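Student: Can you read through this structure? Questions will come right after.
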């Protein structure tokens, strides 16, 4: 059924981690699926681009954006270039370990999944303890999604997601920033025909002094987008 998995890595100013991330992704177990790695650089200015320019690997395609419009724009740029039947999101900072891939891919075989979210918040896997404000912000956004779309997610802001390619591409995503996580979750949750699963994953969260980029303003934008997508999807 599945022959290839496309692994999308959106990158912005990750010179300290991107090489290690790529090495780990190349070594990761994907249950014998061929790997296609799509890296989209969001106009990095810290030396990341120079590192990427030296990479020459048959399984890796590198894209460069001339303007940083946000994580969502970067993901969408990479998505246009995928050819795999499955698509994995992988952050370039290695907060999310490629060791999670086996657990994330199995439900597509065992449970006929259409979408799988890797949850950081179940406590079932190794979790690096991070800041309370980010935890609460995520809980509020996740609660609102669950309330408005009748779901039981534990972690909609996770950067570790896997999709059937046709499911993700048919969402017609438009968000530019971190609010793309809300748009994705709202749109898949609005489709009752999709089989959506969540599975615990390992997480080693970064601190702000280590390069974490999400800001308090992103929380308010995400909350706004929960309401926006609920209203827009009710009209359709």
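The values are calculated or read from the model by the stated rules, or taken from the named source; none is laboratory data. Keep in mind it's a predicted model, so treat the numbers as computed, not measured. Cβ atoms come from the backbone with ideal geometry, glycine included; neighbour counts cover every protein chain shown.
Student: Is it fair to say residue 225 is surrounded by 19 or more Cβ atoms within 10 Å (Cβ to Cβ), within 19 Å of the chain's Cα centre (by Cα), at pLDDT 95 or above and assigned to a helix (DSSP H, G or I)?
Tutor: So residue 225 passes the test.
Student: Right, here's the next one. Among (1) farther than 26 Å from residue 102 by Cα; (2) at pLDDT 95 or above; (3) surrounded by 13 or more Cβ atoms within 10 Å (Cβ to Cβ), there is one condition residue 46 misses while meeting the rest; what is its number?
Tutor: Here residue 46 clears every test but (2).
Student: While we're here: Provide a single number: the residues in the stretch 28-73 that are in a loop (DSSP other than H, G, I, E, B) and without any contact (Cβ under 8 Å) to a residue 24 or more places away in the chain. Steps first, please.
Tutor: So in the stretch 28-73, the residues in a loop (DSSP other than H, G, I, E, B) come out as 28-33, 42-47, 54-59, 65-70.
Now narrow it down to the ones that are without any contact (Cβ under 8 Å) to a residue 24 or more places away in the chain: 32, 54, 56, 58, 66.
The total comes to 5.
Student: Restricting to the stretch 1-27, name every residue that is assigned to a loop (DSSP other than H, G, I, E, B) and either touching a helix residue (DSSP H, G or I) at 6+ places or on another chain (Cβ under 9 Å) or within 20 Å of residue 80 (Cα to Cα) (or both).
Tutor: 1, 2, 3, 12, 13, 14, 15, 16
Student: Among the residues of the stretch 5-24, is any within 21 Å of residue 169 (Cα to Cα), over 13 Å from the mean Cα position of the chain (by Cα) and touching a residue at least 24 places away in the same chain (Cβ under 8 Å)? Full working, then the answer.
Tutor: Filtering the stretch 5-24 for residues within 21 Å of residue 169 (Cα to Cα) gives 5-11.
Filter once more, so that each one left must be over 13 Å from the mean Cα position of the chain (by Cα): 5.
Applying the additional criterion that residues be touching a residue at least 24 places away in the same chain (Cβ under 8 Å) yields 5.
There is at least one residue in the stretch 5-24 that is within 21 Å of residue 169 (Cα to Cα), over 13 Å from the mean Cα position of the chain (by Cα) and touching a residue at least 24 places away in the same chain (Cβ under 8 Å).
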